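A short write-up of the structure that comes next.
The values are calculated or read from the model by the stated rules, or taken from the named source; none is laboratory data. A quick note: this is a predicted structure, and the numbers were derived from the prediction, not measured. Counting neighbours? That spans all protein chains shown, and the Cβs are built from the backbone with ideal geometry, glycine included.
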Amino acid sequence: MHQLLIGNNNYNKNNISAGLQSQFIEIENIANIKVSRPTDIDIFMTIQTNLLNKDRVFYTDSNCFQFIQRQYYDKIPLQGNVYPVACGAYIEQEMNDSDDRSHTKQYQRLNLFTSHPTGVVSPKVGQINVWIDRRSSRDDSRGVQSNLDGEWIVKSQLHLFTEIISVDKTQKIAIPSLSIFSQQILNDLLRPIHRFYVNQPDLNNLLVTEYSLIPKSGLPCDYELVTMKTFHNIKIPIKFHAAPNTQVGVILRRHAPVCYARNLPKIDFYSECFNNHVGQNEVS
């Protein structure tokens, strides 16, 4: 993995590295604002691209469940154009080489995912500004009812990558959403997988699988396991055991496959999922 340390100043340090199998750019920001007196400071990162997002339109997430279209307006000040994001934002440009005879339109999209809530804005065409940290010497009438001062260290992580999106022309309303590949990268940022090794030779004999809740091939790539709990209710008859904690409640979330991406790189633990059509396997 190649790493590059840039932006070394009194307030912020940036550590840029290649992500998983170099499929995206991972940016780590460490902000440490040290001021001797109350002052007004805003630290944000500017990402400038050659994408032509028409009318400075950009998209931000709503509580990381859906995306909403935003637009920068000159008639209101900069702070009025900043929108909160819980996990990410993106800008896109329609590609000129799209085939008019085809039923799909091609877009080139720049995705920006963040590990913690922050604010973003697109003040110029092809540009995204993401806030890192700030200080305020007075109350800015945004609910805190106090000035924002003090010293603390803020660490944030960003995932940045591009992809080509295909959208159906026959759709009257285009719903902003992430591709399946983008959603997997976002999940890896927000909920990384941790491996634990147990030195117990007889562990397999102790953990005997009696009931399988999902097929051996696993869940389809557009499904996400939200919660899984064991519970026992005396009003519900237990058919297979009489012991408590043998009933399982599972909540699954399925991501809306509104748009699709093409020419995706093959990643080992995603390749089997992407080789099949999204959502062709249903969970019974």
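Quick check, is ASP74 modelled with pLDDT of 90 or more and either more than 23 Å from the chain's Cα centre (by Cα) or farther than 20 Å from THR162 by Cα (or both)? Considered against the rule, which asks whether it is modelled with pLDDT of 90 or more and either more than 23 Å from the chain's Cα centre (by Cα) or farther than 20 Å from THR162 by Cα (or both), ASP74 comes out as yes. Only residues that are without any contact (Cβ under 8 Å) to a residue 40 or more places away in the chain and either buried (at least 16 other Cβ atoms within 10 Å of the Cβ) or among the small types (Gly, Ala, Ser) (or both) were counted in the stretch 34-82, giving 4.
Looking only at residues in the stretch 213-249 that are hydroxyl-bearing (Ser, Thr, Tyr) and assigned to a loop (DSSP other than H, G, I, E, B), the one that is modelled with the highest pLDDT is SER217. The set of residues from the stretch 196-212 being polar (S, T, N, Q), at pLDDT below 75 and more than 30 Å from LEU186 (Cα to Cα) comprises GLN200, ASN204, ASN205, THR209.
Residues satisfying the criterion are present in the stretch 106-115 (criterion: surrounded by 12 or more Cβ atoms within 10 Å (Cβ to Cβ), touching a helix residue (DSSP H, G or I) at 6+ places or on another chain (Cβ under 7 Å), under 29 Å from PRO192 (Cβ atoms) and polar (S, T, N, Q)).
On the given criteria, is THR162 touching a Leu at 6+ places or on another chain (Cβ under 9 Å) and at pLDDT 80 or above? Criteria met by THR162. The selection criterion, being surrounded by 14 or more Cβ atoms within 10 Å (Cβ to Cβ), aliphatic (A, V, I, L, M) and out of contact with any Ser or Thr (no Cβ under 7 Å at 6 or more places or on another chain), holds for LEU178. Out of all the residues in the stretch 60-69, is one or more modelled with pLDDT of 90 or more and under 13 Å from SER122 (Cα atoms)? Taking every residue of the stretch 60-69 in turn, at least one turns out to be modelled with pLDDT of 90 or more and under 13 Å from SER122 (Cα atoms). Taken over the stretch 141-151, the residue count meeting the criterion of being under 15 Å from ILE41 (Cα atoms) and without any contact (Cβ under 8 Å) to a residue 40 or more places away in the chain is 2. Counting only strands (runs of 3 or more DSSP E) wholly contained in the stretch 102-159, the ones carrying 3 or more residues that are over 28 Å from LYS75 (Cα atoms) and in contact with a strand residue (DSSP E or B) (Cβ under 8 Å, 6 or more places away or on another chain) occupy 104-114.
Scanning the stretch 1-48 for residues that are at pLDDT 75 or above, of a type in the set (Phe, Trp, Tyr) and outside any strand (DSSP E or B) yields a count of 1. Out of the residues in the stretch 49-65 that are outside any strand (DSSP E or B) and of a type outside the set (S, T, N, Q), which is nearest to the chain's Cα centre (by Cα)? Residue satisfying both the conditions and the ranking: CYS64.
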